[in-house]
Amino acid sequence: MNDLEKFKPCTGYCQMIGAATALLSIKSSLVIFNSPRWCALTAERELACINKDYERKVFCTEARENDILYGIEKSLRETIKEAIDIEGTPTLLNVITSCSMSLIGDDIKGVCVSETNCNNVITLDAGGFTGTFESGYQLAMIALLKNINSKVTEQKSLKVNLLGVCTSYPNWKGNLEELKRLLRLAGIEVNVALGADNTDFAELEKIVEAELNVVLVPELSLNIANYLYESLGQRYIIATIPFGFKDSIKWLNDISSELGVIPNLKEIE
């Protein structure tokens with residue numbers, strides 16, 4: 001029985017759901033699960049618990065035996081057409097492929113590009129047997145960042161990006177607003193909160209402006225921080241979400257120290 005432990009992610013918050021959660025945080029984005037119906041139903045159920053709006057933005061190719069043998073192109077084209085007919089042309093079109101369909105080797109992106117005039121298309125292999133929710137979230141976010149037109153510009157001091165925001169985590173919205181408030185009172189501006197719901201795709205291009213990335217949840221964002229460091233040269237600090245007054249003050253001091261400034265804590269105290 002212990003040999004089956006590694007397959008448990010496929011029965012709950014698997015890699016597909018993590019990837020979808022990250023990508024659906026972008027305003028006017030659609031997700032197509034290139035998978036059998038039961039995979040998509042599991043994911044859709046969990047996504048509906050997170051955000052009811054996500055439920056209507058999710059579609060499925062409903063892959064069957066013939067698709068696994070001969071390719072998914074026909075079903076994928078029909079699903080893209082259905083999604084656009086219902087929701088309109090998205091800002092971001094995402095196709096997340098499940099375990100079984102990853103074996104086929106279809107040109108998923110080629111089909112998407114030829115079937116729609118959407119400017120931004122992301123295709124991912126993110127089967128539940130190959131990773132967890134957290135790995136899927138980071139995989140999708142890095143793919144998303146690779147699609148933006150960010151050029152290295154002069155980074156602005158006292159500007160930070162918050163990494164590890166996730167709509168599936170309890171109280172994410174209230175926590176984010178409080179963190180922004182604390183930073184603002186300390187004289188530090190939040191540039192981009194990556195993963196916050198309803199983020200404009202164009203807003204991601206501003207991610208280069210921050211001097212520092214703050215890793216709030218390492219399992220959700222440490223790989224993302226490393227990617228931004230390697231591609232843009234942005235430094236990062238692991239400063240997990242604080243709890244209580246003393247922890248919050250320490251959190252602000254740690255971030256300020258990394259920025260090389262003394263925080264203004266008068267109002268907070």
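The values are calculated or read from the model by the stated rules, or taken from the named source; none is laboratory data. Since the model is a prediction, treat every value here as computed from it, not as a measurement. Cβ sites come from the backbone with ideal geometry, for glycine too, and all protein chains shown count toward neighbours. Just the protein is used for accessible areas: all its heavy atoms, side chains included, with ligands, DNA and RNA removed. Shrake-Rupley method; radii C 1.70, N 1.55, O 1.52, S 1.80 Å.
Listed by chain and number, the lysines placed with their C-alpha closer than 22 angstrom to that of residue 146 are 27, 109, 156, 159, 206; residues fewer than eight positions away on the same chain are left out.
Let a ≥ b ≥ c be the square roots of the eigenvalues of the Cα gyration tensor of region 84-207; is it rounded (a/c under 1.5), or, if not, prolate (a/b larger than b/c) or oblate?
Details: a/c = 2.23, a/b = 1.70, b/c = 1.31.
In terms of gyration-tensor shape, prolate.
Residue 142 contributes about 30 Å² of solvent-accessible surface, heavy atoms of the protein only, 1.4 Å probe.
Write down the percent of antiparallel bridges among all DSSP beta bridges whose residues are both part of the chain, to the nearest 5.
Close to 5 percent.
When the square roots of the Cα gyration tensor eigenvalues are ordered a ≥ b ≥ c, the ratio a/c for region 154-269 is 1.5 or more and a/b does not exceed b/c, which makes its shape oblate.
Considering only DSSP states other than H, G, I, E and B, which chymotrypsin sites (Phe, Trp or Tyr not before Pro) in region 119-193 qualify as loop sites with at most 15 other Cβ atoms within 10 Å?
none
When the GluC sites (Glu not before Pro) in region 152-216 are filtered for DSSP coil states and for at most 12 other beta-carbon atoms within 10 Å of their beta-carbon, the remaining sites are 154.
Of the accessible area of the chain, computed with a 1.4 Å probe over protein heavy atoms only, carbon and sulfur atoms account for 50 percent.
With a cut-off of at most 14 other beta carbons within 10 Å, and DSSP calling the residue loop, which trypsin sites (Lys or Arg not before Pro) in region 21-91 qualify? Please list them. Could the numbers behind the result be given before it?
Details: sites: 27, 37, 45, 52, 56, 57, 64, 74, 77, 81; in loops: 27, 57, 64.
Answer in residue order: 64.
With a cut-off of 8 Å between alpha carbons and a minimum separation of six or more residues, what is the relative contact order of the chain in percent? Value for the chain: 20 percent. When log10 I(q)/I(0) by the Debye sum over Cα atoms at q = 0.07, 0.08, 0.17 Å⁻¹ is calculated directly from the model, which label among [x] -0.27, -0.35, -1.26; [y] -0.42, -0.52, -1.26; [z] -0.26, -0.34, -1.47 fits? Working out log10 I(q)/I(0) by the Debye sum over Cα atoms at q = 0.07, 0.08, 0.17 Å⁻¹ from the coordinates points to [x]. Straight distance only, please: which aspartates and glutamates reach the Cα of residue 173 with their own Cα at less than 12 Å, same-chain residues fewer than 8 apart left out? Qualifying aspartates and glutamates at Cα under 12 Å: 197. Summed over the residues of the chain and divided among them, the accessible surface reaches 48 Å² per residue at a probe radius of 1.4 Å. Taking label positions 7 Å along the Cα-Cβ direction at both residue 77 and residue 28, the computed distance is 2.7 nm, reported to one decimal.
Test of understanding: extend the Cα→C-beta vector of residue 203 to 7 Å, then name every residue of region 171-186 with backbone N under 19 Å from that spot. Once the point is set 7 Å along Cα→Cβ of residue 203, 171-185 turn out to lie under 19 Å by backbone N, inside region 171-186. Take the Cα of residue 240, step 7 Å toward its Cβ, do the same at residue 86, and the gap between the two points is 3.9 nm.
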